[in-house]
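Novice: Take this structure first; my questions come after.
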Protein chains: 2
Amino acid sequence: MRRQGHHYGLHRVLEPKGVLPQPAWKLDATPEVWTNELLIEVERLNIDSASFQQLKEEAEGDPERIKRRISEIVAARGKMHNPVTGSGGMLIGTVAEVGSDFPDQTLKRGMKIASLVSLTLTPLRLEEIDGIALKTGQVGVAGKAVLFASAPYAVLPQDMPETVALAALDVCGAPAQTARSVQATDTVVIMGAGGKAGLLSLYQAWKKAGQQGCVIALESNPEACREIERLGLAHHVICLDATDPVRVLEAVAEHTRGGLADLTINCVNVPHTELPAILATREGGVVVFFSMAVRFTTAALGAEGVGKDVRMLIGNGYVPGHAALALESLRECPSLYDWFCRRFS
Amino acid sequence: MRRQGHHYGLHRVLEPKGVLPQPAWKLDATPEVWTNELLIEVERLNIDSASFQQLKEEAEGDPERIKRRISEIVAARGKMHNPVTGSGGMLIGTVAEVGSDFPDQTLKRGMKIASLVSLTLTPLRLEEIDGIALKTGQVGVAGKAVLFASAPYAVLPQDMPETVALAALDVCGAPAQTARSVQATDTVVIMGAGGKAGLLSLYQAWKKAGQQGCVIALESNPEACREIERLGLAHHVICLDATDPVRVLEAVAEHTRGGLADLTINCVNVPHTELPAILATREGGVVVFFSMAVRFTTAALGAEGVGKDVRMLIGNGYVPGHAALALESLRECPSLYDWFCRRFS
């Protein structure tokens, strides 16, 4: 088995042949690495919440039955890919072996890492299932998983609680995209600024445009607005409902003397915030959508309907260096780190 | 009524107050312009196909009952906004009055124009409904409509059949976005190159990158592939199913010696082409999605899952100058014009 595998893991697909690992029914989870793979000694699965909810219901809340069902799925499919919900989750473990052609040769045996790629495409073999936390969907296991050359992952830091690091890593695409999109003199609007993706993005916007530019935080929750003000990462904190296009337009126009935003980062996790984001942005400006509640057609037709020339980006969860940037943000900004610790440790 | 109205038409919203014209239940369609509006003598409504299908079914195919229902909707809502489907369509008519503050003062009374904004947000009053074409959803009418300062529209050209011009205008955002995204030395992949949006985009890609770059057309229909070859607008025409990520990746890699596309324009109107478009594009490249079948989450999670750093744009139907560019393309390229005439006149 010591050949070089396919960059996207096609060599591990058993059924049906020729598809990518994610849509495949069954993967080859043999715990021996091809030369460009990484082998992980798995400690914990974080089952995605939709999947875990379904497993709980099917098992009528019985932990033993949930364990049995997880074993069955992984044995049948070579991955923890819930056949009902179609969803996965992610895993935590230690590096067991680094293939000689794996892109990152700085990884060493024993380092603790989190996969930043879905369990639905991660070859997995389980030896044992220990505890199940019914509230969080965290499953303690012993087993082996394989990461392909293309799969993002993060080395877990030793200077902060694992749960804090994981919370930041979960949304690390948004701040990384913000960091590389903001220019020093930009007016930046962060919608949904009070959540973890919003705050990390706000920090990057403030870092890049806090001196010469203007950073505006929109947030609907009054308590979260007070938190943002305490953190001191915005020139203006506006408390309003981000689904109301007219109020968003008026508020942003007022705080920018009609100039509107050069860049709007939408981190709001409720539907119907496409048009407000478009209206908050100037002609020729950029909107980055990081909310999974965004509908493609609503955004495309919304901009067309108001005749607005904005560049609308689908927030890519992967940006090179995204994991390191998110963790570094927590180290750089103690008040932000405190916020994460209060919520996630 | 001779004041300046709101840029996005808020001054015409009757119920509920404070929302934008599109989500509003009822608009004020009084056919007197505010100073930044345009009044149109309407000749024809092109009812959107989902809406017209619903009207036909509700009326059991009886043209008189369809007419009555259209009259009722427009009378009740002040716009042809089908309350069941939520969709509209567009209209054609002649300029009746140009408000003194309307952005384009080159428009003259009597010029024939098409609205490029949905009927769901266009104030409309009908005096008469003449013929209904049951096949196409075209409805001959007499009436008045209002365009807001923000609404895109196009002056219909006199040198080509109206149906040909409308077919091109219907998709004019895609070629305009292509034109401004392509650099001279780019490798450009157009997916779904054989449809009208695809061909117009292909023409712009060829115009910008045909000399120093490389233009690749992907199309699943063999007859459409032969058409593209006859038009001579691509270096390579690849006949394959755009929903197959592995085949798309392999084909594009083969024709670019592994370099992949700098820019991929996706005009495929079937689902499941997000990941193929992402895989066809190089690290750091750009994908523009112009298909209404694209799912936001599939694109966002797809790129993350394969760890690919591509910029993914939601194709905006509005780009300044888009209508003129599409019509000019037909004038510049006689073989493309022939293609449109064969299909749409």
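Novice: To the nearest whole number, what is the average tally of beta carbon atoms from other chains within 10 Å of the beta carbons of peptide A:21-32?
Specialist: 1
Novice: With every protein chain in place, what's the accessible area of B:Phe290 (1.4 Å probe, Å², nearest 10)?
Specialist: Looks like 40 Å² after rounding.
Novice: For the protein assembly as shown, just say rounded, prolate or oblate: build the C-alpha gyration tensor, square-root its eigenvalues into a ≥ b ≥ c, call rounded for a/c under 1.5, and beyond that prolate if a/b exceeds b/c, oblate if not.
Specialist: It comes out prolate by the Cα gyration axes.
Novice: For A:Thr94, what is the net charge nearby, where nearby means another residue's Cβ is under 13 Å from its Cβ and Lys, Arg count +1, Asp, Glu -1?
Specialist: +1
Novice: Another one. Between A:Ala293 and B:Thr30, what is the spin-label point distance in nm, taking each point 7 Å from the Cα along the Cα→C-beta axis?
Specialist: Modelled inter-label distance: 3.7 nm.
Novice: Now a separate question. Under 5 Å between amide H atoms, partner at least 5 residues away or on a different chain: which partners does B:Val215 have, H built in plane at 1.01 Å?
Specialist: For B:Val215, whose amide H was placed from the backbone, the distant partners under 5 Å are B:Val188, B:His235, B:His236.
Novice: Excluding B:Arg331 itself, calculate the net charge of residues whose Cβ lies under 14 Å from the Cβ of B:Arg331, where each Lys or Arg counts +1 and each Asp or Glu counts -1.
Specialist: Neighbour charge sum, excluding B:Arg331 itself: -3.
Novice: Hey, another quick one. Given the rule -39500 (n - 2.57) for each run of at least 4 DSSP H residues, summed and divided by the residues of chain B, what is its mean residue ellipticity at 222 nm, to the nearest 500 deg cm²/dmol?
Specialist: -10000 deg cm²/dmol
Novice: Per residue and in Å³, how big is the convex hull formed by the alpha-carbon atoms of the range A:10-156?
Specialist: 92 Å³
Novice: Check which residues have an amide H placed less than 5 Å from A:Met312's amide H, if you skip close sequence neighbours.
Specialist: Placed amide hydrogens put A:Val287, B:Ile314 under 5 Å from A:Met312.
Novice: Restricting everything to alpha-carbon atoms, can you work out Rg to Rh for the range B:173-344 with a Kirkwood hydrodynamic radius?
Specialist: Looking at the range B:173-344, the ratio lands at 0.94.
Novice: Let me ask something else. Rolling a 1.4 angstrom probe over the protein chains, ignoring ligands and nucleic acids, what is the accessible area of A:Asp338 in square angstrom, nearest 10?
Specialist: For A:Asp338, solvent-accessible area is about 80 Å².
Novice: Relative to the Cα centre, what is the charge dipole magnitude of the range A:173-344, using +1 at the beta carbon of each Lys and Arg, -1 at the beta carbon of each Asp and Glu, and rounding to the nearest 20 debye?
Specialist: Here the size comes out at about 380 debye.
Novice: Along Cα-to-Cβ, 7 Å out, sits the label point; list in nm, shortest first, how far the one on A:Pro16 is from those in the other copies.
Specialist: Reported distances to equivalent positions: 4.7 nm.
Novice: Assign one of three labels to the range A:97-150, namely rounded, prolate or oblate, based on the Cα gyration tensor with a ≥ b ≥ c the square roots of its eigenvalues; rounded applies when a/c is under 1.5, prolate when it is not and a/b is larger than b/c, and oblate otherwise.
Specialist: prolate
Novice: State, to one decimal in nm², a quarter of the convex hull surface area for the C-alpha atoms of chain B, i.e. the direction-averaged projected area.
Specialist: Spelled out: convex hull of the Cα atoms, projected over all directions, averaged, 18.1 nm².
Novice: I would also like to ask the following. Starting from the Cα-Cα distance between B:Arg109 and B:Arg230, subtract it from 0.36 nm times their residue separation and give me the gain in nm to one decimal.
Specialist: Using 0.36 nm per residue and subtracting the Cα-Cα distance, I get 39.4 nm.
Novice: Place a point 7 Å from Cα of B:Asn269 in the direction of its Cβ. Which residues in the range B:193-209 have their backbone N less than 20 Å from it?
Specialist: In the range B:193-209, the label zone of B:Asn269 (backbone N under 20 Å from the point 7 Å along Cα→Cβ) covers B:193-204.
Novice: Counting only other residues whose beta carbon sits under 14 Å from that of B:Ala167, what net charge do I get with K and R as +1, D and E as -1?
Specialist: The answer is 0.
Novice: Quick one: Debye curve from the C-alpha atoms of the range A:1-53, no solvent, what's log10 I(q)/I(0) at q = 0.16, 0.18, 0.25, 0.31 Å⁻¹?
Specialist: -0.60, -0.73, -1.04, -1.14
Novice: Cβ neighbours within 10 Å, averaged per peptide: list B:246-253, B:63-70 in order, most packed at the top.
Specialist: B:246-253, B:63-70
Novice: Another question, if that's okay. Beyond 14 Å, what share of the Cα-Cα pairs of the range A:39-117 remains, rounded to the nearest whole percent?
Specialist: 67 percent
Novice: Percent of accessible area on the range B:173-344 owned by carbon and sulfur, 1.4 Å probe?
Specialist: 50 percent
Novice: At 1.4 Å probe radius, can you tell me the per residue accessible area of the range B:10-156 in Å²?
Specialist: 40 Å²
Novice: Okay, moving on. Among B:118-127, A:80-89, B:171-180, what's the highest-first ranking by average C-beta atoms within 10 angstrom per residue?
Specialist: Listed from highest to lowest mean packing, they are B:171-180, B:118-127, A:80-89.
Novice: For chain B, list the cysteines whose Cβ sits under 4.7 Å from no other cysteine Cβ?
Specialist: B:Cys172, B:Cys214, B:Cys267, B:Cys333, B:Cys341
Novice: So, by mean Cβ neighbours within 10 angstrom, what's the order for A:197-205, A:90-98 with the highest one leading?
Specialist: A:197-205, A:90-98
The values are calculated or read from the model by the stated rules, or taken from the named source; none is laboratory data. All values derive from a computational prediction rather than experimental measurement. All Cβ positions, even for glycine, are placed from backbone atoms using ideal geometry, and neighbour counts span all protein chains on display. SASA here: full protein model, heavy atoms, side chains in, ligands and nucleic acids out. Shrake-Rupley method; radii C 1.70, N 1.55, O 1.52, S 1.80 Å.
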